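Laboratory data are not the source of any read-out in this text; all were calculated from the coordinates shown. Note that the structure is a prediction, hence the values are computed from the model and not measured. No Cβ is skipped: glycine too gets one built from the backbone with ideal geometry, and neighbour counts run over all protein chains shown.
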Amino acid sequence: MSYREESQLLTENQNKDMIYNGNNGDIMDSTYLNDLWCFDLTNRSWTNLTPVGENPEARSYSSMAYDPTMQQVVMFGGWHWRWGPKSDTWIYDWHSNGWIPTSPTNFPSRRCESSMAYDPTGEKVILFGGEYNPEIYGDVWAFDSLNQTWSPLTFAEPIQGRALAGLVYDPDQRKMLLYGGFYGFYFPGGIYYSNAVYSLDMDQLSWANPDPTDRPPPSGPGCYSFHSSSNRALAVFPSNNYDSLWMYNSYSNSWTSSHVENSPSSRAAAAFAYDPFTDQAILFGGTRESAFLRDTWLLTSTCTTGLDGQVVWIYSENSGGQDSITARAGNGVDSNPIAHDWLTSELSPSFSLQGAVPSSTATFTVGLYPPGTSTPSFTYTTTTLAGAGSFNLLDLAPSNYDIKIKESRALSTLRAGVELSTGTTTIDFGELRVGDANGDDVVNILDFAILKGAIFTWGGQPNFDRRPDFNGDGVVNIMDFALMKSNFGRWGPI
Ligand SMILES: [Ca+2]
Ligand SMILES: [Ca+2]
């Protein structure tokens with residue numbers, strides 16, 4: 001039975017893609033891998049990048065982070081099958097599709113399982129800890145991708161070392177958040193896992209341990225993290241259990257847990273990363289009962305940005321281009337630390353209603369769809385904001401969308417091929433056609449029946465029904481019938 005472990009997964013935000021570094025190890029036959037893969041979130045397919053020129057030696061347990069300023073991936077250290085821990089630093093350049101070896105004069109000691117994330121304020125890749133059994137490190141280093149130099153960061157009060165911890169940048173508090181990992185070995189072959197949260201203030205160069213009382217169970221490999229600025233959360237799936245999602249809010253210093261349906265099976269050492277631009281997280285592979293997995297899962301939210309609200313898993317095992325990817329496992333310590341604020345869009349839709357005024361009692365839905373598709377990448381529903389006839393949606397991923405809106409009384413209206421770039425995009429959807437009492441996006445006999453059942457009633461009366469009050473004047477009468485009649489037989493989207 002071959003044994004493989006360790007790979008890295010991270011997001012490449014400019015291209016909305018994931019890069020997967022398959023530095024796998026097969027200990028029995030000493031065959032490690034050094035292939036590099038990219039996952040396209042739009043097409044849900046893997047591509048082997050096969051970088052040109054010299055490639056890093058195959059290894060496992062290395063660390064990676066994406067530097068969006070340089071548009072490069074930084075990789076440090078890891079375990080070489082013959083030489084043990086390494087201390088080399090490589091840069092993968094997205095544009096040239098090549099690895100660049102570096103030769104800094106000062107660098108972290110040879111090690112595996114460090115935590116790495118990008119600090120956009122200081123424009124450095126930050127490395128924390130790692131291990132070379134029996135040593136577990138707690139030092140912090142900053143890598144300057146432009147000058148290809150490492151600098152140690154010194155602290156008046158350093159924290160205990162740990163390896164395989166999740167490290168993410170928290171743009172709201174301008175801090176790094178560190179969670180989980182392991183801090184000790186015991187004989188024979190045991191590991192002490194942590195469930196502590198630490199925050200690292202990059203301005204003050206100080207650690208804090210807010211230590212919330214209600215915490216997820218301690219997690220080692222298989223504990224994953226990402227940051228979402230919309231809910232200021234660090235999220236983990238503790239104990240390799242993917243139907244139990246814990247999210248940490250750094251403002252309130254509290255954890256909340258939720259159950260996620262239809263989740264991947266429990267497994268160790270899967271690779272996991274979060275892409276803030278599509279608000280999706282990707283999970284790949286891992287090990288289960290000595291078997292190596294190569295399934296791909298996407299975690300996405302149906303409600304709003306930031307993976308808050310209702311979170312669902314999407315399985316994409318059979319997506320194109322994936323057949324040739326090797327089963328493997330990884331620790332997934334990396335995540336995309338980029339603040340939403342850098343490259344996000346705002347949408348400001350406005351509309352009017354035929355023969356009526358926008359109502360704060362109506363439900364209003366906005367859906368953003370990849371062009372020509374029927375599965376939204378983002379939906380937003382409100383019963384309060386639409387009363388003014390316009391509102392702003394923040395924190396959207398820049399892209400080209402078909403945008404559909406629906407007011408509960410009206411037929412939906414679609415604007416195809418809308419380009420959302422950075423900044424605010426204003427769209428006037430014009431006058432929405434009313435008459436859809438039951439909300440099925442068709443004006444037909446069913447709506448007429450609802451109107452008929454409430455005709456000549458007003459608010460407070462036994463048979464009053466707000467739905468067929470199409471003009472919103474609080475009475476169901478001939479005026480509502482006239483509005484419905486004008487659209488009878490139509491359906492949305494218009
Ligand atoms: Ca209807
Ligand atoms: Ca009315």
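Gain on full extension, evaluated as 0.36 nm per residue between residue 375 and residue 87 minus their Cα-Cα distance, stands at 99.2 nm. Here 95, 80 are placed in order of increasing Cβ neighbour count within 10 Å, fewest first, which gives 95, 80.
What is the sum of charges around residue 434, taking Lys and Arg as +1, Asp and Glu as -1, for the other residues whose C-beta is under 9 Å from the C-beta of residue 434? With Lys, Arg at +1 and Asp, Glu at -1, the net is -1. Here is the size of the stretch 345-486 from its Cα atoms: Rg then Dmax, 16.1, 50 Å.
Note on 445, 159: ascending count of other Cβ atoms within 10 Å places them as 445, 159, the fewest first. Among the chymotrypsin sites (Phe, Trp or Tyr not before Pro) in the stretch 61-103, those placed in a DSSP loop whose Cβ has at most 14 other Cβ atoms within 10 Å are 83. Check the straight Cα-Cα distances from residue 452 and name the lysines below 18 Å, setting aside those fewer than 8 residues away within the same chain. Those lysines meeting the cut-off are 485. Within straight-line reach of residue 124, meaning a Cα separation under 23 Å, sit the following lysines at least 8 residues removed in sequence or on another chain: 16, 86, 175. Gain on full extension, evaluated as 0.36 nm per residue between residue 258 and residue 204 minus their Cα-Cα distance, stands at 16.0 nm. Look at 112, 38 and count the other Cβ atoms within 10 Å of each Cβ; fewest to most, that gives 38, 112. Each other residue within a Cβ distance under 13 Å of residue 450 adds +1 if Lys or Arg and -1 if Asp or Glu, for a net charge of -2. For the stretch 79-228, the Kirkwood estimate of the hydrodynamic radius, built from every pair of different alpha carbons, is 16.3 Å.
Sequentially through the stretch 143-155, phi angles give Karplus couplings (6.51, -1.76, 1.60; θ = phi - 60°) of 10, 9, 5, 5, 8, 6, 10, 9, 10, x, 9, 10, 10 Hz, Gly and Pro residues having no value and appearing as x.
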